[in-house]
Amino acid sequence: MKDTQDDLLRLDWEATERRAAQGDASYIGELGSLLSDRHAAAVEQVREYERGLAHVVRVLALTPGRENVVQLVRLLNEQRTGAEHPGLRPRFIASLLAEGQSVADLATVFDRSGRDRLDELRSCLFHELLLRGVDTDAFRQRRYRPLGRPGPHNLGWLPVHQRDFELGVDFPSRSLRGEAGGVAIGFPAEGRADPSTPRTVERAALRDVATADVHKAIVSAVAAGGWGGAGAWVFLLDDAVEPRRVPTLLPTLPMACVEGLGPTGRFEIAVRPLNEIWCLLFATASMGGMYGLAACGAYGRLAAWQSMAGLSGAPADASADEVEHEARRTTWFHFDCDASWFHNEIYDYGIAALSPDGRRIAVLAGTDTD
């Protein structure tokens, strides 16, 4: 079959159906092959355009200067397609802008005249700047609807000021053609409470009571970071447990992440303050795993808060203030072990949270190897 691009674009459906009715199946099959080839070529061309556009956006976002920000805002407002490239997501562009531009030059992003398409970018940039210690009150006054105001947007649930346990978080370092950054698991030397060996291998007679919603909340940070796997468990205890007993109890709980751990297998655990736990959750979500897409700062912050809420036992409809209250009263543990669930190849860790009354233990386990 001889064809031109225009011939295929002007495909006559009635003629095609007539040829099929006449039994000319080979013609129809050949036509389908040509269309399939043209489609594959067109899709690859679109992807190439998206890669080029993503690079242009990255250059404008990371090259300091108000005019670069102005041109980027104009480009994003004029963008005519819903590109799929991860480098064109508003959350990623906001992260680039927060890294590459001065606060003064970013003011133009928040200036609004009439309707535009930058609401998602503004919301994400607000939290990116907040986490970097910028006084965001000035930006909240620039929009018709103050940034951070409670509303239907998911990020509207987050506090509009940085909490003390959110200080000192890590961010990736990006260049025009590269990126550096990762989750610093770093098992601590301080607060170590490793149980003595040999340990008991008898499983505790407890049942995981995590509902689907609680499980989803607990694993939020790992899921948002696109890690290889996550597990969540919640156990209600008949008798109150003191924090000093948790290191001995955890390896006996009926959880996949400690299954097969022998009496002398490596089990490391440490008591950690809330800020270190939150920073670990934030890095997990915001920087992502080795192969998954990072959630970036704004949605990484949200995912970290959601995991913290599920682990601390805050009600499903709790406000950020209520979640913070529960989290500050919780005793936090960081653990790792040589059970097969933890592949110990890239990123792995476990977090356990003991309620103030000692009657509830919640666990999150994350691995970046599937």
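The table below gives the values:
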{"item": "At R0 = 51 Å, FRET efficiency that the Cβ-Cβ distance of T16 and H55 yields, to 0.05", "result": "0.80"}
{"item": "Options [x] 78, 60, 36; [y] 53, 53, 45; [z] 184, 62, 38 - which one matches Cα extents along the principal axes in Å as calculated here", "result": "[x]"}
{"item": "Calculated FRET value between L167 and N77, using beta carbons and R₀ = 25 Å, to 0.05", "result": "0.15"}
{"item": "In nm, spacing of pseudo-spin labels at H325 and A42 (7 Å Cα→C-beta vector)", "result": "5.8 nm"}
{"item": "Principal axis dimensions, largest first and in whole angstrom, of the stretch 286-370 by Cα", "result": "35, 30, 16"}
{"item": "Compactness of the stretch 145-257 - radius of gyration and Dmax, Cα, Å", "result": "19.5, 60"}
{"item": "Overall Cα dimensions of the stretch 220-370 - principal axes, largest extent first, Å", "result": "39, 37, 22"}
{"item": "Percent RCO, i.e. relative contact order, over the stretch 278-333, from Cα pairs under 8 Å lying at least 6 residues apart", "result": "27 percent"}
{"item": "Mean separation of Cα contacts under 8 Å (6+ apart) over length of the chain, as relative contact order %", "result": "16 percent"}
{"item": "Inter-label distance, nm, simple model (7 Å from Cα along the C-beta direction), R66/V103", "result": "1.7 nm"}
{"item": "Per residue solvent-accessible surface (Å²) - the chain, probe of 1.4 Å", "result": "50 Å²"}
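The values are calculated or read from the model by the stated rules, or taken from the named source; none is laboratory data. Small disclaimer: the values here were computed from a predicted structure and weren't measured. Every residue, glycine among them, receives a Cβ derived from its backbone with ideal geometry; neighbour counts consider all protein chains shown. The protein model used for the area step is the full one, side chains on, heavy atoms only, and it has no ligands, DNA or RNA in it. Shrake-Rupley method; radii C 1.70, N 1.55, O 1.52, S 1.80 Å.
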